[in-house]
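Have a look at the structure below, then the notes.
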Amino acid sequence: MGIKLVHYKQDHATKWGVLVDDVIRVISQDFETLKELLNNREIIAETANDESVETVNLSAVELLSPVTRPAQIVCQGVNYGDHRLETGYEAQKPDYNTIFIKFDRAITGPYSDVVKPEFVQLLDYEVELGLVIGKEITEKTEITADNISDYIAGLVIVNDISARDIQKTHGQWLKGKSYETFMPTGPYLYLLDVEEVPKILDVDIKLWVNDKLRQDSNTEALLFKPAETLTELSELVSFNVGDVLSTGTPGGVALNVNRQLALELADPAIPYSEKLENFVQSQLTEGHHFLQDGDIIKSEIKSADGTIDLGTQINKVVYK
């Protein structure tokens with residue numbers, strides 16, 4: 001079994017620990033960032049195996065995101081067939097991998113509020129499996145099933161909150177996905193044992209809004225798999241320890257774009273104001289489930305056999 005690494009606040013101080021059942025075994029040394037901690041991984045293992053270390057009850061602390069700033073957040077878009085269909089694409093694997101980034105100011109805690117900026121009209125959810133980088137990638141690297149465990153430290157739940165009216169009408173995704181609180185992360189980082197790495201492609205991924213199941217899939221359905229994606233990105237991106245690759249979301253989001261609407265959004269001859277009005281009106285119809293003030297989002301990712309369980313992430317939506 002892997003190790004559940006937590007980042008938490010207690011009495012105005014932030015600390016790291018290893019979660020065992022509902023008890024946190026406190027890591028005695030202070031580390032400002034996840035990168036620093038992962039570069040001293042022997043301390044994590046020692047803490048996990050030492051029953052005599054200081055402990056604190058999980059209920060007595062505030063869990064923070066285990067991914068810390070500064071961090072590079074690299075994301076895959078439309079990487080599940082059913083999500084491609086609902087957003088105006090063909091379902092099959094395309095000729096190229098869709099890649100974008102989120103600014104790290106979007107990172108927030110696993111139980112923190114998701115705050116909608118007042119100018120955003122269409123707030124959406126996207127549960128995703130996040131892969132936390134465990135070894136620097138600074139040059140073209142062939143990453144395979146045999147060596148991917150060298151580069152992935154562990155797994156974490158990421159919710160790629162999206163302002164669809166910004167994302168879809170601006171023609172680029174960065175801004176609409178990077179507002180503050182737009183990346184709830186955690187509740188903990190699951191550090192993988194080597195033999196668990198193949199299970200990355202067999203974990204169930206689910207999201208509920210107000211206890212209604214919206215997204216329900218398995219990472220087996222990923223179109224561009226992690227090894228293939230990291231190999232491709234190694235020619236473009238210098239990954240540091242503690243960075244994140246977010247692997248994409250399955251179908252079931254609030255957004256729904258048909259082929260005609262997708263063509264209109266891509267047409268440079270249509271004025272922006274007209275695109276925005278038409279797009280927002282197309283989404284504010286019966287059957288769409290954009291996030292409302294007070295909604296509760298719950299996300300879970302776990303393997304069918306229960307050996308990998310990334311916990312439960314719960315966030316309340318708050319309108320400014």
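The listed residues are 34, 63, and the only one of them that is touching a Pro at 6+ places or on another chain (Cβ under 7 Å), farther than 30 Å from residue 252 by Cα and not charged (D, E, K, R) turns out to be 34. Of everything in the stretch 174-186 that's over 16 Å from residue 315 (Cβ atoms) and buried (at least 21 other Cβ atoms within 10 Å of the Cβ), which residue is farthest from the chain's Cα centre (by Cα)? Taking the candidates together, the pick is 176. Pairing residues of the stretch 142-154 that are farther than 19 Å from residue 39 by Cβ with residues that are surrounded by fewer than 14 Cβ atoms within 10 Å (Cβ to Cβ) and of a type outside the set (Ser, Thr, Tyr), at Cβ distances under 8 Å and at least 6 apart in sequence or on separate chains, gives 145/198. Every listed requirement among (1) in contact with a strand residue (DSSP E or B) (Cβ under 6 Å, 6 or more places away or on another chain); (2) over 27 Å from residue 166 (Cβ atoms) is met by residue 220 save one, (1). Among residues of the stretch 89-101 that are in contact (Cβ under 8 Å) with a residue 60 or more places away in the chain, those with a beta-carbon under 7 Å from a residue that is surrounded by 16 or more Cβ atoms within 10 Å (Cβ to Cβ) and in a loop (DSSP other than H, G, I, E, B) at least six positions away or on a different chain give the pairs 89/78; 93/223; 97/224; 100/173. Taking residue 91 as the residue in question, decide whether it is in a loop (DSSP other than H, G, I, E, B), small (Gly, Ala, Ser) and over 19 Å from residue 108 (Cβ atoms). Criteria met by residue 91.
Taken together, the values in this text are just the output of simple stated rules run on the coordinates, not laboratory data. Since we're looking at a predicted model, the values are computed, not measured. Virtual Cβ from ideal backbone geometry, glycine too; neighbours counted across all protein chains shown.
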